């Protein structure tokens with residue numbers, strides 16, 4: 001793994017007595033595309049603002065490349081931010097916006113001209129030098145905001161829900177643009193979003209947050225395939241989350257039916273949660289599967305059919321390219337490695353404790 | 001379409017009549033009186049009369065005092081606007097109300113109050129002598145007029161500046177810091193330019209009434225200090241020389257028009273910019 005660049009050590013922050021971040025520890029490596037993912041109010045933007053220097057933590061340290069920058073002013077930090085809703089300087093044209101940081105650093109005129117040209121080319125806005133921000137579309141303003149940040153050659157680019165205000169098609173295009181940019185620039189991106197699809201598409205490393213805690217960290221595959229708790233499973237993609245009992249190693253009782261799984265070391269007859277992704281639920285003719293059920297609802301989604309199946313007193317969400325009509329009597333079958341078993345916390349406090357450890 | 005046009009013209013007619021009777025006609029009359037003598041013959045004498053020492057001095061003094069008052073209002077209003085814009089919403093509206101509250105009272109009454117405060121045997125000197133401090137002679141000086149102007153017109157500077165300051169997105173200022181600007185650079189390169197439209201309307205709304213006032217100078221300046229507003233008022237009400245009064249009004253109008261043109265030009269620049 002590459003070098004550690006940013007460390008957040010035991011960061012706590014509250015606003016008006018409300019705890020936003022509680023003892024948060026996070027390490028960010030060089031050249032990673034890291035995404036802080038979570039619902040609104042989970043503390044992801046506050047974390048980003050603490051890294052950017054716009055908020056001071058109540059407790060804890062921010063270490064950048066071995067140096068404590070916790071109380072360093074934002075203008076002294078070797079990183080730049082792309083803000084939500086762009087935050088362009090509306091009294092300056094595109095070129096002046098991009099030149100802002102370079103002029104402050106007293107760079108030569110030729111250097112600034114070169115940089116403006118280079119940055120506009122990089123974000124596909126050639127020839128827009130003298131347009132005013134107000135005359136640009138949302139997507140174009142976003143590109144200017146990115147250009148304005150990267151001309152300063154930051155070691156880290158912070159992006160606070162930069163695509164939130166764009167429409168779906170543009171958002172998807174920009175996702176690929178951002179990946180390309182990151183690869184061309186070879187710097188670290190720290191990206192904040194509440195959109196799980198965006199996170200899965202772009203990130204090398206995802207940090208799922210909720211209520212001021214990190215719920216799970218890992219690669220997009222890890223997070224999607226092996227969620228560590230019900231929150232992560234529920235937040236990332238569609239899933240069937242079911243209370244179950246671990247009978248013994250590699251055998252779990254789901255809704256009074258025993259399924260073979262691959263998980264071990266949970267103990268015997270231990271209450272657990274299982275996560276089964278809708279595309280991992282197979283529907284087979286009656287008698288050929290593990291649990292009998294009835295199709296209760298079908299929606300055509302384009303790539304697949306989304307079906308609801310009543311089985312064992314639970315409404316299973318199933319994605320399949322094969323259609324079963326409403327009322328079909330079928331069996332449910334799940335491959336052992338597609339059953340993800342998780343510890344079930346007794347309460348929210350315990351959930352928090354488990355994460356603290 | 002045609003019918004729509006006719007309806008809207010019908011609906012607009014009261015306003016057109018209003019503008020005609022109360023704006024256009026008086027303006028035409030001022031120009032008529034200003035450009036004729038008492039026999040009704042065309043003359044530029046009434047305009048040229050501004051060159052007479054007493055008139056020129058009154059115009060010069062009015063310009064000087066209104067510029068000084070505008071500058072003082074600006075330097076009082078801008079910091080206040082910044083403090084307000086940074087504050088939480090609840091206290092914001094309270095403070096704004098406090099600053100606007102005096103405007104609910106009659107303008108002459110407020111100015112009269114300053115008269116009793118600043119009089120030689122007035123409240124301020126009473127307190128000073130009670131404290132065994134030297135008394136001040138403020139009333140009937142240009143200083144007293146400036147105090148009256150600043151007090152009366154300050155809210156007109158505060159409101160537009162506060163409005164333009166509070167409409168700046170916090171993240172725009174954060175972006176400036178993020179790009180390496182310290183607080184001073186952020187203020188001069190971002191905050192100040194973004195509030196230029198507010199500053200211009202504030203300046204216009206203070207400068208024009210200050211330039212043309214005669215009530216404040218009459219009450220706080222005594223009869224010794226004549227501003228151009230006083231001269232014009234006296235030509236109409238005491239000397240009954242409507243031609244001269246109208247001629248001097250036209251000269252004063254030129255200064256106001258110049259001020260407006262400047263503000264419109266820089267406002268357009270602000271829109272493009």
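Would you be able to say whether some residue in the stretch B:117-135 is closer than 30 Å to residue A:151 by Cβ and surrounded by 14 or more Cβ atoms within 10 Å (Cβ to Cβ)?
no
Yes or no, residue by residue, for (1) at pLDDT 95 or above; (2) facing another protein chain (nearest Cβ under 10 Å):
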position: B:169; (1), (2): no, yes
position: B:175; (1), (2): yes, yes
position: B:185; (1), (2): yes, yes
position: B:188; (1), (2): yes, no
position: B:191; (1), (2): yes, no
position: B:201; (1), (2): no, no
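Condition check ((1) in contact with a strand residue (DSSP E or B) (Cβ under 8 Å, 6 or more places away or on another chain); (2) touching a residue at least 24 places away in the same chain (Cβ under 8 Å); (3) closer than 16 Å to residue A:330 by Cβ) across all residues:
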{"site": "A:256", "(1), (2), (3)": "no, yes, no"}
{"site": "A:260", "(1), (2), (3)": "yes, yes, no"}
{"site": "A:271", "(1), (2), (3)": "yes, yes, no"}
{"site": "A:274", "(1), (2), (3)": "yes, yes, no"}
{"site": "A:280", "(1), (2), (3)": "no, yes, yes"}
{"site": "A:287", "(1), (2), (3)": "yes, yes, yes"}
{"site": "A:290", "(1), (2), (3)": "yes, yes, yes"}
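I'm trying to understand the selection: among the residues of the stretch A:26-43, which are part of a loop (DSSP other than H, G, I, E, B) and either in contact with a helix residue (DSSP H, G or I) (Cβ under 9 Å, 6 or more places away or on another chain) or surrounded by 17 or more Cβ atoms within 10 Å (Cβ to Cβ) (or both)?
A:31, A:32, A:38, A:39, A:42, A:43
I'd like the full set of residues that are within 16 Å of residue B:177 (Cα to Cα) and more than 21 Å from the chain's Cα centre (by Cα), limited to the stretch A:145-172.
Those that are within 16 Å of residue B:177 (Cα to Cα) and more than 21 Å from the chain's Cα centre (by Cα): A:145, A:148, A:149, A:150, A:151, A:152, A:153, A:154.
Just one of the numbered conditions (1) modelled with pLDDT of 85 or more; (2) on the phi < 0 side of the Ramachandran plot; (3) more than 20 Å from the chain's Cα centre (by Cα) is not true of residue B:180; which one?
So the condition that residue B:180 fails would be (2).
Please verify whether residue B:139 is outside any helix (DSSP H, G or I) and more than 13 Å from chain A (Cβ to nearest Cβ), treating the condition exactly as stated.
Against the criterion (outside any helix (DSSP H, G or I) and more than 13 Å from chain A (Cβ to nearest Cβ)), residue B:139 qualifies.
When the stretch A:122-144 is examined, which residues are found to be under 16 Å from residue A:176 (Cα atoms) and surrounded by fewer than 15 Cβ atoms within 10 Å (Cβ to Cβ)?
Scanning the stretch A:122-144 gives a single hit, A:124.
Among the residues of the stretch A:217-226, is there at least one that is at pLDDT 90 or above and in a strand (DSSP E or B)?
The answer is yes; a qualifying residue exists.
Residue check: is residue A:312 within 20 Å of the chain's Cα centre (by Cα), free of Cβ contacts under 8 Å to residues at least 60 places away in the same chain and on the phi > 0 side of the Ramachandran plot?
Answer is no for this residue.
Against the conditions (1) out of contact with any helix residue (DSSP H, G or I) (no Cβ under 6 Å at 6 or more places or on another chain); (2) surrounded by 14 or more Cβ atoms within 10 Å (Cβ to Cβ), where does residue B:5 fall short? Just the number, please.
(2)
Looking at residue A:69, is it without any contact (Cβ under 8 Å) to a residue 40 or more places away in the chain, in the same structural domain as residue A:50 (by TED's automatic domain parsing) and farther than 28 Å from residue A:28 by Cα?
Here the answer is no, as residue A:69 does not meet what is asked.
Looking at A:70, A:81, A:46, A:90, can you tell me which residue is within 8 Å of another protein chain (Cβ to nearest Cβ) and either in a strand (DSSP E or B) or within 19 Å of residue A:23 (Cα to Cα) (or both)?
Residue meeting the stated conditions: A:81.
Is it fair to say residue A:177 is under 26 Å from residue A:28 (Cβ atoms), loosely packed, with under 15 Cβ neighbours inside 10 Å and at pLDDT below 95?
no
Buried (at least 18 other Cβ atoms within 10 Å of the Cβ) and in contact with a helix residue (DSSP H, G or I) (Cβ under 9 Å, 6 or more places away or on another chain): does that describe residue A:73?
no
Does residue B:84 fit the bill of being modelled with pLDDT under 90 and closer than 22 Å to residue B:203 by Cα?
yes
Answer yes or no: is there a residue in the stretch B:85-100 that is within 14 Å of residue B:150 (Cβ to Cβ) and either surrounded by 11 or more Cβ atoms within 10 Å (Cβ to Cβ) or touching a strand residue (DSSP E or B) at 6+ places or on another chain (Cβ under 6 Å) (or both).
The answer is yes, given that some residue of the stretch B:85-100 is within 14 Å of residue B:150 (Cβ to Cβ) and either surrounded by 11 or more Cβ atoms within 10 Å (Cβ to Cβ) or touching a strand residue (DSSP E or B) at 6+ places or on another chain (Cβ under 6 Å) (or both).
From the list A:51, A:112, pick out the single residue that is within 12 Å of another protein chain (Cβ to nearest Cβ), outside any loop (DSSP other than H, G, I, E, B) and modelled with pLDDT of 95 or more.
A:51
The values are calculated or read from the model by the stated rules, or taken from the named source; none is laboratory data. Everything numeric here is computed off the predicted structure, so don't read it as measured data. Every residue, glycine as well, gets a Cβ built from its backbone with ideal geometry; the counts of neighbours run over all protein chains shown.
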